[in-house]
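Undergrad: Mind having a look at this structure? Questions to follow.
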Amino acid sequence: MTSISIICVSYYSLHLLEKTIQDLVDNIEDEIEIIIVNNSSDENLNSLRSHTIKIITPEKNLGYGGGVNLGLRYAQYENILIINPDIEVFKFNFPKQNGLFIAGGYRPDKPFGFKFPSLFKDTIGLLFTFLKKHTRSMIKCEPNEITRVDWVVGSLIATNKTTLERLGGFDESFFLFFEEVDFCKRADKLDIPVFITPGIVYEASTTRGKASSIDVKWIKLRSERDSFQLYHAKHSSKFSSYKLLIKLFSLLFLFLLYFSPKNIKVSNAIKYHKHLREI
């Protein structure tokens, strides 16, 4: 029997965690411990505490990467499973992989993995969010085969302490977005295999975290912009040249705004243009 430390970073997610924990217990036959990093001030999360569930509350919100790194300090097992609070597990067999590795699970609703981001495509996706889904280069995954990919999404990552320690954990400079991409990019530079395993089948909620207001969307946009810049500054040699492209698109945006329908909120448009200018 395998022993696994499960790390989950939570931000006001008690209502999601109760079901997720039950799914884990029902579908994982291995010995497990669950480490929940409470990135909020929600004391109700302590109701989940048990002999197999640890609740760790930092002094401030550490973001995804910082939360995972903190949880790792409390993990007692070599095998590590990092999850989001909103996943639903249907099948679970921890990868029987020797040495260093990073694995994601197979998602029937989204049966693909990703190639590393393109600076040009990311710029287009950041400027025109309705095009974002068309700017990612994807790799089709088969339900019964291991598929090598460039990076796996952070909603579920199976790995081990040795890999995390070799990579120095997650880069805590990324507060939200691109944390797992950077993590896998650094693994790629060390020839550490990254793959999707059919041994783990799961889905992630399509409703959790959806922006419910313009302000929330704005916060997410700013976070994505900051992480976008950080990732490409670290890994893209042509990073500095993209700023001119942003300025040109900013001017185009103002031109289109002038001819836009009257029902578009000007205040939101001004916010968006300010976002472009700050890049």
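Undergrad: Using the basic label-point model (7 angstrom from Cα toward the beta carbon), what is the ARG148 to PHE120 distance in nanometres?
TA: 2.6 nm
Undergrad: Given +1 on the Cβ of Lys and Arg, -1 on the Cβ of Asp and Glu, and no further charges, what dipole in debye does segment 3-204 carry about its Cα centre, rounded to the nearest 20?
TA: Numbers: 21 positive and 27 negative charges, 137 e Å.
About 660 debye.
Undergrad: Using a 7 Å offset from the Cα along the Cα-to-Cβ direction at both ASP42 and SER173, what is the distance between the two label points in nm, to one decimal?
TA: 3.1 nm
Undergrad: Note the direction-averaged projected area, equal to a quarter of the hull surface, for the Cα convex hull of segment 132-202, in nm².
TA: Numbers: hull surface 22.6 nm².
Quarter of the Cα hull surface area: 5.6 nm².
Undergrad: What share of Cα pairs, in percent, lie more than 16 angstrom apart in segment 26-127?
TA: 70 percent
Undergrad: What number comes out for the charge environment of THR57, summing +1 per Lys or Arg and -1 per Asp or Glu over other residues with Cβ under 12 Å away?
TA: Numbers: positive: ARG49, LYS54, LYS60; negative: ASP42, GLU43, GLU59.
Residues near THR57 contribute 0 overall.
Undergrad: A further question on this structure: Beta carbons within 10 angstrom, averaged per residue: use that to sort the peptides 100-109, 79-88, 159-168, highest first.
TA: Final packing ranking: 79-88, 100-109, 159-168.
Undergrad: Placing +1 on the Cβ of each Lys and Arg and -1 on the Cβ of each Asp and Glu in segment 151-195, which of ILE192, LEU164, PHE178 has its Cα farthest towards the positive end of the resulting dipole?
TA: ILE192
Undergrad: Taking the Cβ of ILE200 as the centre, find all other residues whose Cβ is under 11 Å away and add up their charges (Lys, Arg: +1; Asp, Glu: -1).
TA: Working: positive: LYS91, ARG107; negative: none.
Local net charge: +2.
Every number in this text was worked out from the coordinates using simple rules, so none of it is lab data. Bear in mind that the values here come from a model prediction, so they are computed numbers and not experimental data. Backbone-built Cβ (ideal geometry, glycine too); neighbour counts: all protein chains shown.
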